[in-house]
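K.L.:
What follows is a structure written as structure tokens; I'll ask about it next.
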Amino acid sequence: VEKVSDKACSHFMPTKVLFGVGELSRIGEEAQGLGNRAFVVTGRSALKRLGVTRRVTDYLESSHIQVEVFSQIMTNPTTDVVNEGARRARASKCNLIVGMGGGSAIDAAKGIAVVVKHGGKIEDYLGVNRIPGPTLPVVAVPTTSGTGSEVTIFAVFTRGDEKASTISHFNCPKVSILDPLLLISQPPRLTACTGMDALAHAIEAYTSRKANVFSDVFAREAVRLVGQHLRRSVWVGDDLEARKGMALASNLAGVGINSAGVTAGHALGMSIGGFCDTDHGTAVGILLPRVMERTVYADLTRFAEISTLLGDDVRGMPVRSAALRSIQAVKDLMQDIGFPQTLSQIGVKEDLIVQIVDDGMNRGAFNNTLKIFSREEARQMFQDAM
Ligand SMILES: [Fe+2]
């Protein structure tokens, strides 16, 4: 009989999640109890072009909710755009924020909800547990399967050369609507990089120092779902089964990182995003197998389990070989979905390495990694990914 861990931990998930094909149509009834003036935060064009913004507006209006659309969100949203959004939301007396799009739009929605409720600027709330109380209610509608932002305590913003976040359970949306129909128009490249973000969350949560009996349940299932569904999501974009699997995977991985946190790959990946305006999923995806290579010996059993979860048959193998297989399984997956293998390919320059690594090592997430890295080792690991 396997012993249950003695490690004390807690699990708190305040978000109501609706999951299913066509569930977007319930946004009006879900929002009704939360407010009567909605501020819809979304990206610049894709969703408008596809008519999704229009449908959300119609659903909300038919539930007697007035709608103001703010479609200024870019990849890597800045603190400025969040403050501007908050100013507009307050001017139009909105009492409900709808975040619709990828992680950028949902994070921006969370930030706007904080500033409208508590005043000041989003910069006043950066850091851990700096949000003083409940924010305006947020309804999240993810249209990518990556960040899990629709259920997380995190929101990430860009300020100059810096990626900074607010971390608080007040960031958790009130309601999230996971409708796989919204995912089928995602192009393959976006599917690949957001999917690798979800995998990085799942594996980092599973191999974090803060991993616990609750986060393990979510992280394990998320790894398994990515192993089963990411390739097909990328290759056959209109396969609803695959899209459902990835929607669930990214959501569960998000719950996992709420209590287990992320590790070195995300710490360094976020620093890359600050210095280079690269896409988050691509940066953390490239770093993922590099961090695994340098942490695998810290817990062979866990890494061997990851191999199994990713679909490798490692029965009968010595645990060391089984554990090392997990790294190859991630690399194989990346190759199969046409994922870039090096940071140079995505524009990271050699002369930034020292700064990026120093910045990444200062993030709390870096120290969640099982192995304790010296500065030299961290630079070497980063160099390996170049
Ligand atoms: Fe991430």
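The values are calculated or read from the model by the stated rules, or taken from the named source; none is laboratory data. Values in this document were obtained by computation on a predicted structure and should not be read as measured data. Note that we place each Cβ from the backbone using ideal geometry, even for glycine, and neighbour counts take in every protein chain shown. Note: accessible area is taken over every heavy atom of the protein model, side chains too, but ligands, DNA and RNA are not part of it. Shrake-Rupley method; radii C 1.70, N 1.55, O 1.52, S 1.80 Å.
K.L.:
Given an 8 Å cut-off on Cα distances and at least 6 residues of separation, report the relative contact order of the chain as a percent.
P.N.:
Relative CO of the chain lands at 15 percent.
K.L.:
For the chain, what is the percent of antiparallel DSSP beta bridges, rounded to the nearest 5?
P.N.:
20 percent
K.L.:
I would also like to ask the following. Set the Förster radius R0 to 22 Å, insert the Cβ-Cβ distance between Glu84 and Glu61 as r into 1/(1 + (r/R0)^6), and round the FRET efficiency to 0.05.
P.N.:
With a Förster radius of 22 Å, E is 0.35.
K.L.:
Next question. Along the positive direction of the dipole of the stretch 1-80 (beta-carbon charges: Lys, Arg +1; Asp, Glu -1; about the Cα centre), which of Ile73, Ser63, Gly28 reaches farthest?
P.N.:
In the stretch 1-80, that residue is Ile73.
K.L.:
So between Asp277 and Gln355, what do we pick up on full extension, going 0.36 nm a residue minus the alpha carbon distance?
P.N.:
Full extension from Asp277 to Gln355 adds 26.6 nm.
K.L.:
Another one. Name the long-range amide H neighbours of Thr78: under 5 Å, sequence gap of 5 or more, or other chain; modelled H, no Pro or chain starts.
P.N.:
Here the answer is Thr158, since their amide H atoms fall under 5 Å of that of Thr78.
K.L.:
May I ask you to give the solvent-accessible area per residue for the stretch 52-117, in square angstrom, as obtained with a 1.4 angstrom probe?
P.N.:
Value for the stretch 52-117: 37 Å² per residue.
K.L.:
Mind jotting down a quarter of the surface of the convex hull over the alpha carbons of the stretch 304-386, in square nanometres, one decimal?
P.N.:
About 6.6 nm², averaged over all directions.
K.L.:
Can you pull out the trypsin sites (Lys or Arg not before Pro) in the stretch 78-166 that DSSP calls coil and that have at most 16 other Cβ atoms within 10 Å?
P.N.:
Sites meeting the loop and neighbour criteria: Lys93, Lys121, Arg130.
K.L.:
Please tell me which of these pairs span more than 23 angstrom C-alpha to C-alpha: Lys3/Lys210; Lys163/Lys331; Lys16/Lys331; Lys7/Lys110; Lys117/Lys174; Lys16/Lys117?
P.N.:
Where the Cα-Cα span goes over 23 Å, the pairs concerned are Lys163/Lys331; Lys16/Lys331; Lys7/Lys110.
K.L.:
Mind telling me which of Leu50, Leu324, Leu370 comes out most flexible in a GNM of the chain, alpha-carbon contacts under 10 Å?
P.N.:
Maximum among the listed residues: Leu50.
K.L.:
Rolling a 1.4 angstrom probe over the protein heavy atoms, how many square angstrom per residue are accessible across the stretch 247-374?
P.N.:
That works out to 37 Å² per residue.
K.L.:
Related question: Using a 10 angstrom cutoff on alpha carbons, build the Gaussian network for the chain and name the most mobile of Pro142, Pro340, Pro173.
P.N.:
Maximum among the listed residues: Pro340.
K.L.:
Show me, for the stretch 61-67, the HN-Hα J-couplings you get by feeding each phi into the Karplus relation (A = 6.51, B = -1.76, C = 1.60, θ = phi - 60°), rounded to Hz, glycine and proline as x.
P.N.:
5, 6, 9, 6, 10, 6, 10
K.L.:
In whole Å, what is the distance between the alpha-carbon centres of the stretch 1-55 and the stretch 335-365?
P.N.:
Value for the Cα centre distance between the two parts: 30 Å.
K.L.:
Here is a follow-up. About the Cα centre of the chain, what is the dipole size in debye to 20, counting +1 per Lys and Arg Cβ and -1 per Asp and Glu Cβ, all else neutral?
P.N.:
580 debye
K.L.:
What accessible area per residue, rounded to a whole number of Å², is obtained for the stretch 188-239 using a probe radius of 1.4 Å?
P.N.:
Counting only protein heavy atoms, the per-residue value for the stretch 188-239 is 37 Å².
K.L.:
Please identify, among Met13, Met100, Met246, the residue showing maximal mean-square fluctuation in a Gaussian network model of the chain using a 10 angstrom Cα cutoff.
P.N.:
Highest fluctuation of the listed residues: Met13.
K.L.:
With the contact rule set at Cα under 8 Å and sequence spacing of 6 or more, what percent relative contact order holds for the stretch 265-386?
P.N.:
The value is 36 percent.
K.L.:
List the relative contact order of the stretch 187-256 as a percent without decimals, with contacts defined as Cα pairs under 8 Å and 6+ residues apart.
P.N.:
43 percent
K.L.:
Taking 0.36 nm per residue of separation and subtracting the Cα-Cα distance, what length does fully extending Val21 through Tyr297 add?
P.N.:
So the extension gain works out to 95.2 nm.
K.L.:
Lys/Arg Cβ at +1, Asp/Glu Cβ at -1, dipole of the chain taken about the Cα centre: which of Met13, Ile97, Ile306 is farthest positive-ward?
P.N.:
Projecting each Cα onto the dipole axis, the largest value belongs to Ile97.
K.L.:
What part of the accessible area of the chain, given as a whole %, is carbon or sulfur when the probe is 1.4 angstrom?
P.N.:
51 percent
K.L.:
Students often check this: by mean Cβ neighbours within 10 Å, which of 216-228, 58-70 ranks highest, and how do the rest follow?
P.N.:
Output ranking for 216-228, 58-70: 216-228, 58-70.
K.L.:
Relative to the compact-globule scaling 2.2 N^0.38 Å, provide the ratio for the alpha-carbon radius of gyration of the stretch 76-154.
P.N.:
Taking N as the residue count of the stretch 76-154, the ratio is 1.00.
K.L.:
I would also like to ask the following. Over the chain, what per residue volume does the convex hull of the Cα atoms give, in whole Å³?
P.N.:
127 Å³
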